[in-house]
Amino acid sequence: MTLTPRLLVLGGLCNRLRALLSCRAAYGAIDVVWEPVDMVSHARFDDVFEPLADVHFVDGDRGWDLEAWAPVPGAPEGWERGYKELFPCRPILDRFDALVASLGGVGNYAAIHVRRTDHVPNMATMDREIEPLGEYLEWAPGRALPLYVATDNGETQDAILRARGADGLRTKFGKHLPGLALQGLEDHTRNGELSDAVVDLWVCRHAAHFKGTTGSSFTDTINILRAMR
């Protein structure tokens, strides 16, 4: 008898999704330990997504066979097709519908993902720099169309509104967030709720144009979702 692999997913939402989907592609049916800690705003998978075939969520008190935040070893080519099976819960889709309508409809707006907080010192440890805010503000589609901003802190939201001036009326956020643009590398507290992050993913997915953040798994996930439309 073949035992069902037991996977502990690590990190934030998008790290967990790629570990989960790649493991399922490699092994078929899997048991997943999803600890609702601060990196996912203390939320569970089924708080934001509909059930996923062949994925059974279990408690983590009996150990696990794998733990991952990246694609698992042995994941087959094309495992990313699993993202097509992700469907947000109805309340999140209702928020998505309202936001997209306020932006003029699917395909009639641009979107950016500006990752800050612990990503700033994390990139510095690799001798890499984050994109400056001005690069997003000067991005041509972002000036020509209504702009949706996905970011992880209120300080960046406020800076973008000030910089866009009159165009601030054409700038939308899923929700105004608390928090500063910079936090410690070991501070894994997330601003807002996990549902806010999924709203950001889905609105950015359906934008006409998108600009993200280098080295961010959240941006990588948006690009995969856009490719899977």
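Yes or no: residue 176 of a type outside the set (Gly, Ala, Ser), surrounded by fewer than 19 Cβ atoms within 10 Å (Cβ to Cβ) and either assigned by TED's automatic domain parsing to the domain that holds residue 10 or within 20 Å of residue 95 (Cα to Cα) (or both)? Criteria met by residue 176. Residues in the range 96-151 that are closer than 18 Å to residue 221 by Cβ and among the charged types (D, E, K, R) were compared, and the one that is surrounded by the fewest Cβ atoms within 10 Å (Cβ to Cβ) is 131. Restricting to the range 66-114, count the residues that are under 20 Å from the mean Cα position of the chain (by Cα), aliphatic (A, V, I, L, M) and closer than 19 Å to residue 24 by Cα. The total comes to 4. Residue count for the range 1-54 satisfying the condition of being more than 25 Å from residue 77 (Cβ to Cβ), among the charged types (D, E, K, R) and more than 16 Å from the chain's Cα centre (by Cα): 2. Residues that are of a type in the set (D, E, K, R) and touching a helix residue (DSSP H, G or I) at 6+ places or on another chain (Cβ under 9 Å) within the range 18-45 comprise 18, 24, 44, listed in sequence order.
Does residue 100 fit the bill of being in contact with a His (Cβ under 7 Å, 6 or more places away or on another chain), of a type outside the set (Lys, Arg) and outside the structural domain of residue 23 (by TED's automatic domain parsing)? Yes: the conditions hold for residue 100. Within the range 184-211, the set of residues being buried (at least 20 other Cβ atoms within 10 Å of the Cβ) and within 13 Å of residue 119 (Cα to Cα) comprises 190 only. Looking only at helices (runs of 4 or more DSSP H) that fall completely inside the range 94-176, which ones have 1 or more residues that are of a type in the set (S, T, N, Q)? Passing ranges, in order: 119-124, 154-164. Considering the range 10-72, the qualifying strands (runs of 3 or more DSSP E), each wholly inside and each with 3 or more residues that are at pLDDT 95 or above and under 18 Å from residue 86 (Cα atoms), run over 30-33, 55-58.
The values are calculated or read from the model by the stated rules, or taken from the named source; none is laboratory data. In this text the structure is predicted, and so the values were computed from the model without any measurement. Reconstructed Cβ throughout: ideal geometry from the backbone, glycine too, with neighbour counts over all protein chains shown.
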